[in-house]
Structure formats: structure tokens, C-alpha cells
Amino acid sequence: MPTVSLSTAKPITARADALIIGIRGDEDREEFAAALDVLGFTGEKDQVVAFPSNGKAKAELVVAVALPDEPNAEDLRRAAARGVRAAKNATSIAVALHPAGVDEVEAIAEGIALGAYKYDVYKSKKKGKGAKKPEPKLSSATILSAFARQTTATNAVERAATVSEAVNIARDWVNTPPADLRPSSFAEAITTHAGTAVRVSVWDERRLAKERCGGILGVGQGSDSPPRLVKLTYAPENAVAHLALVGKGITFDSGGLSIKSGTGMSTMKLDMAGAAAVVAATVAIAKLGLPIKITTFACLAENMPSGSATRPGDVLTMRNGSTVEVLNTDAEGRLVLGDGLALAAEAKPDHIVDVATLTGACVVALGERTSGMLGNDYDFGKRVLANAKDAGESMWPLPIAEEMKALVTSSKIADLRQHNPKPYGGTLFAAAFLREFVGEIPWAHLDIAGPSFNEGSPFDYTPVGGTGTGVRTIVKLALDMSSK
């Protein structure tokens, strides 16, 4: 991740490989008007052009990015990332996007760090004649701003670095091939990443059985890599609130005995993105020193078909004592989350948030770039959505329709039915099922099935592969809670 600093230097005097400059109108165009005209730069939304400075700036390359007349923080976050991606061979950049306040400086710093992300761990490092030369990596960035000498701006850049690091570690985990990130190795990776920032405990299959976590055990029993539950605790002495987080961590989802198609299975390493998000956010919150107690449960399992796998028609007993009739083993996320949510409720937090790549139905409803938000408390839901908007993460509220309660409790042999008996309302049914495990505690469920993984081309600060969605919303929520 590049080192980001601040400077009051003028754009044309800034020393860097590339200068990224925001263009809002004629005044911003003036220095480079001839080049912009030749390249057909009209200032339309999201437009980016790059050209040699020809001595008009200290930087060799100029990258012009279009900005609205009055850009907000998200506009600047995206513009910074577009500029970074356009200056792909630069190892140092100067960024002049006209931030109007410290919050916008922070957004630009995030855009730089997120836009510079690359996952090339598995790219071979070939040498010799004919070997493809690896792309240079951005190592340093300077944000040009009148606020550069303010302590609040320096703090904002440091905060952006902590949050961006969290997003990028979540991306790394999601991008890791599933054979290299099974439940036990994911638990080890979490423990290593947490370091001394938070307290970590890992429950193996024996402890899970002792603790009556039948949902996690039931999902993981078909794999030769047993499930794990990782609990993270951050408890500052001055905590003003207590937030519990739960993440779905299916390290690979074959569908179990209700097996997926080959195409449907090809990206299922992404099914642990919820666990990655809540863990990364927890560590970031601790590093920021926020006065919020965080209790996090990452529910890790590999959903595989075998002679020991859970069968459609089996009944599992969950942590809270509820029995669940399993009717589709490809609807496994709600089973691991049920145990995690029950444990979270036992911790008696003020609020609970779970994050999961839970339903394909949510992708059908909201597309690939917007998460669904459902819950049991209107005011808390509004708060989560407001913080998601501030973070720049697209999220939309969906209802838990009244009739879903009857469907969830419609099993003839158990307390709860795991799978929707009807072919519609899948996201609503899944949330209604999860609601059974949180009691009266205000709770929000974030279904990130769409935006957690990008199979298309990179755009703005969203790379190909894991996106780290959910991390910034949770950190923003914790910041919000710490101030009230």
C-alpha cells in the first residue's frame, strides 16, 4: 500500500512521476487546455485522460480526471482511484483534487490506497529473456491541499491508511484460492492479523460440539477440514457502547449435497467475505482506538459433499436450542450465522450487525454493486444506511415481510424451516430466519452477495476479485457510535 503524505505545493511544482489533477471548469483547464482539447476531454462524468506534461509541470505525466462543480467526498474518493489506475506505471504521484475540508482529504487518501490495490501473489516471477516485466507498484502519493499543515488533516490521512489496510486485507483473504484458506488456516490468518490489537480465541470442532453450535458443525461435517469459530474481543476501558459483529465464513461453498453447477461453484471462494469484513473492521477499530467495545464472531466452515455431509431432511440443534429442519444444503450461510448470532446475543451488546454473502436473490433484486440491509429496528437500520452512504458503499433497505415468520416456522418436525418453500422472497426469508436468533437486540443484516466480488473489469476503487465491501460501513458506524 502506498505511503500517503500531505503538501501545500502547487500542482505544477509538485515532484512526482505523475500529477493527478481534478478538472471542474475552465479555470482548472487553463494550464493544460491545448492537450485536453486534442484528447477530447469535455469534463463528462468519470472521464479520465493522461498525457505528457511537456515541461508544464515537474511531473512527467499528467492525469486529468473530471469532477462535478461541487464534488462530495465520494466523488473525490472515486476520482483519486481513477487517477491512480490511469497512472499505472507511476511509482510516485501528486494528487490535486481541490478538497474543501479534512473529510475530503481523508476520502482522497482512501481512494489512493484502494485504487492502488493489486493481488498478484500467485503471479509467477519469471526472469530472463522474454519474461514479462512486472508492472511497477505505486509506493508514494502526496495530496496537495491547503489543509496540509493541519493536525486534523494528518490524523485523517492516518485514519484513511488504517481503514484502507483493513479493506485490502479483506480483499486478500477473499482472493486467496480456497485450497489455501480452509477453516483452520483462515483462523490462523485471522489470529496473525489481529496481533495484540484484540483478544482472539478459536473454537475447534470439539469445542463447537461442547458449546452446542450445531449449525456450524452441520455445515462443516462434510469436509475433511473441520469448522472453526473465531471470537475477537476489543474492550477499551472507556467504551461508550457495545457492538457485536457476526460474519459468514464459508471458505468454499460447493452447495454440499444440494450441489451447485460448475459455473455457480467457480467463484465460491468468495463465500467468506462477510467474515473477512467483520474481522478486518474489528482490528481497524482497535487500531483507531475507538471507545467502542466490539465482540466479533467469525463462523468458518467448508461446505462440501461427502458421506458424512448433512442431508436434506436432517434436523440440527442450534446454539440457542432451536431445532432446524435442513431442506437445502446450499442455504448453509444462515445455519452458521444462526449460531454466531445466538452467541452475539448472549454477549448482551447494544447492537448486532452481521455481514454475509447470503442470497443470490439479493443480487437479483439489487444487482452486483448494491448490498441489501434488513433488520428488526427501524432507527438502527437508518443509522447503518447513513453510515454506509458516508463510507461510499451502496446499500438499500429491504423489508422482512410479515408473512415470512409463518414460513420460517412452518416445519412439521422442527422449530424452524431452513429453506424457503416458495421460489421467491429468498432474501426476506433468510433474514426472517436469522431474526430468530437475535432476540430483542437491535440488529442489522447486510447481504453483500452482489458487491463482495467483482468478476468484471476494475472501476474506480473497485478491483477485480474481492472488494472488501462492508469494512468501511462498519468502521463508520463505530466512529458514529463513539461520538454519541
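The values are calculated or read from the model by the stated rules, or taken from the named source; none is laboratory data. Owing to the predicted nature of the structure, the values given are computational and were not obtained by experimental measurement. Here Cβ is always computed from backbone atoms with ideal geometry, including for glycine, and neighbour counts include all displayed protein chains. Only protein heavy atoms, including side chains, enter the accessible area calculation; ligands, DNA and RNA are left aside. Shrake-Rupley method; radii C 1.70, N 1.55, O 1.52, S 1.80 Å.
Divide by every residue of the chain the summed helix terms, -39500 (n - 2.57) for each DSSP H run of at least 4, and state the resulting mean residue ellipticity at 222 nm, rounded to the nearest 500 deg cm²/dmol.
The helix-only estimate for the chain comes to -10500 deg cm²/dmol at 222 nm.
Could you tell me whether the chain comes out rounded, prolate or oblate from its Cα gyration tensor? Rule is a ≥ b ≥ c as square roots of the eigenvalues, rounded for a/c under 1.5, then prolate if a/b exceeds b/c, otherwise oblate. Verdict is prolate for the chain.
For the stretch 224-265, the residues whose amide N sits under 16 Å from a probe point set 7 Å from the Cα of SER306 along the beta carbon direction are 224-228, 251-258. The packing ranking of peptides 85-95, 141-151, 266-276, highest mean first, is 266-276, 85-95, 141-151, where packing means the average number of other beta carbon atoms within 10 angstrom of each residue.
The angle between the Cα long axis of helix 183-194 and the main principal axis of the chain comes to about 50°, on a 0 to 90 degree scale. For the peptides 435-445, 316-326, 42-52, residues were scored by their other Cβ atoms within 10 Å and the scores averaged per peptide; the highest-first order is 435-445, 316-326, 42-52.
Taking a ≥ b ≥ c as the square roots of the eigenvalues of the Cα gyration tensor, the stretch 52-122 is classed as oblate, since a/c reaches at least 1.5 and a/b does not exceed b/c. Helix 426-435 and the longest principal axis of the C-alpha atoms of the chain enclose an angle of approximately 70°. Residues in the chain average 42 Å² of solvent-accessible surface per residue, probe 1.4 Å, ligands and nucleic acids excluded. The value given for the stretch 361-484 is a Kirkwood hydrodynamic radius of 15.6 Å, derived from the mean inverse Cα-Cα separation.
Using the average count of surrounding beta-carbon atoms within 10 Å as a protection proxy, the listed peptides 396-407, 233-244 rank, highest first, as 233-244, 396-407.
With a 1.4 Å probe and all protein chains left in place, how much of the accessible area of the chain comes from carbon and sulfur atoms, in whole percent?
50 percent
Take every Cα pair under 8 Å whose residues are at least 6 apart in sequence, average their separation, divide by the length of the chain, and the relative contact order is 15 percent. For the residue pairs LYS58/LYS88; LYS231/LYS348; LYS56/LYS118; LYS210/LYS412, the alpha carbons lie more than 20 Å apart in LYS56/LYS118; LYS210/LYS412. If you take the square roots of the eigenvalues of the alpha-carbon gyration tensor of the stretch 412-484 and sort them as a ≥ b ≥ c, do you get rounded (a/c under 1.5), prolate (a/b over b/c) or oblate? Because a/c hits 1.5 or more and a/b fails to exceed b/c, the stretch 412-484 counts as oblate. For the stretch 28-33, putting each phi into the Karplus relation 6.51 cos²θ - 1.76 cosθ + 1.60 with θ = phi - 60° gives couplings of 6, 7, 3, 5, 10, 4 Hz, in residue order, rounded to whole numbers and with x for Gly and Pro. Dipole magnitude for the stretch 324-381: about 140 debye, using +1 per Lys or Arg Cβ and -1 per Asp or Glu Cβ, origin at the Cα centre.
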